[in-house]
Amino acid sequence: MKLLKFYQWITGTMSDFTRPFQNNEALYNQARSFWGHLEALSIIIIAICILLGIVMAISYYKPFNDRPGRHYKPIYWGWFLIGTIVLGFVTTLGFEYIAVTPKLNGALILELKIAFANALYSGIIYVLTSWLWCQFNFPTNAYRLIKF
C-alpha cells in the first residue's frame with residue numbers, strides 16, 4: 001500500500017529523495033529501491049503509531065491508575081503522552097533501520113523524518129484515545145482530563 005503519503009509533509013516525494021543520485025545510475029536505482037521498500041512497509045509503520053497510541057492510553061487509564069498510590073494526577077497523563085512520543089520514535093526508527101535496506105547517504109535522514117512524524121502521529125492517537133475514553137465514561141480512577 002502506498003501510505004507513505006501520510007509522511008510527505010516532512011519527507012517530500014520520491015523524486016525529492018532520488019534527485020541527488022540522478023548522476024549515478026547505480027545509486028539512483030538503490031535510492032528508488034530503498035524508497036520502494038519503505039513504501040511496501042508503510043502499513044507496518046502506520047500500524048506502529050496506531051497500536052502504540054492506543055496501548056499507551058489504555059495502559060494509562062487502566063493498569064497504571066488502578067494501582068494504589070494516587071497515580072491519577074493530570075501530570076501523569078502528560079508523562080504518558082511524552083512516553084508515547086519517545087517510544088513511537090524509537091520503535092519506528094528501530095523497525096526502519098532493521099527492515100529496510102540498502103543503506104546509502106541520506107537514507108538515515110529520511111528514516112529519522114519518518115520516525116519523527118510517526119512519533120507525532122502516535123501522540124495524536126494517544127490524545128484521541130484519551131478523549132474517547134473520557135467521553136464514553138469507561139471505568140478508570142484517572143482524572144478525566146479531556147471530558148467535555
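Computed from the coordinates by the stated procedures, all read-outs in this text should not be read as laboratory data. It should be emphasised that the depicted structure is a prediction, and the values quoted were computed from it without experimental measurement. So basically every Cβ, Gly included, is an ideal-geometry build from the backbone, and we count neighbours across all protein chains shown.
For the chain, a Gaussian network of Cα nodes joined below 10 Å ranks PHE138, PHE89, PHE64 by mean-square fluctuation, and the top entry is PHE138. For the chain, the longest principal axis of the alpha carbon atoms and the long axis of helix 107-135 meet at an angle near 20°.
With springs only between Cα atoms under 10 Å, which of ILE82, ILE124, ILE48 fluctuates most in a Gaussian network model of the chain? For the chain, modelled as a Gaussian network with Cα springs under 10 Å, the answer is ILE82. A Förster distance of 25 Å, applied to the separation of the beta-carbon atoms of TRP9 and LEU128, puts the FRET efficiency at 0.85. Only one of the values (1) 17.7, 54; (2) 15.9, 50; (3) 18.7, 63 was calculated from this structure for Rg and Dmax of the Cα atoms in Å; name its label. Recomputing Rg and Dmax of the Cα atoms in Å here picks out (3). Compared with the dominant Cα axis of the chain, that is its longest principal axis, helix 42-59 is turned about 20°. Considering only SER15, LEU112, VAL100, and ranking their Cα positions along the charge dipole of the range 4-135 that arises from unit charges at the beta-carbon of Lys, Arg, Asp and Glu, the one farthest toward the positive end is LEU112. Residues of the range 101-125 with an amide N closer than 19 Å to a point placed 7 Å from the Cα of ALA40 along the Cα-to-Cβ direction: 101-104, 107-108, 111. Counted by neighbouring Cβ atoms within 10 Å, the residues ARG67, ARG32 run from fewest to most as ARG67, ARG32. In the chain, the DSSP-assigned H stretches of four residues or longer account for a calculated mean residue ellipticity at 222 nm of -22000 deg cm²/dmol, using -39500 (n - 2.57) per stretch and the full residue count as denominator.
Which ordering of MET14, MET56 is given by a fewest-first count of other beta-carbon atoms within 10 Å?
So the ranking, lowest neighbour count to highest, is MET14, MET56.
Quick check: the distance between the Cα centres of the range 1-59 and the range 64-118, to the nearest angstrom? Value for the Cα centre distance between the two parts: 16 Å.
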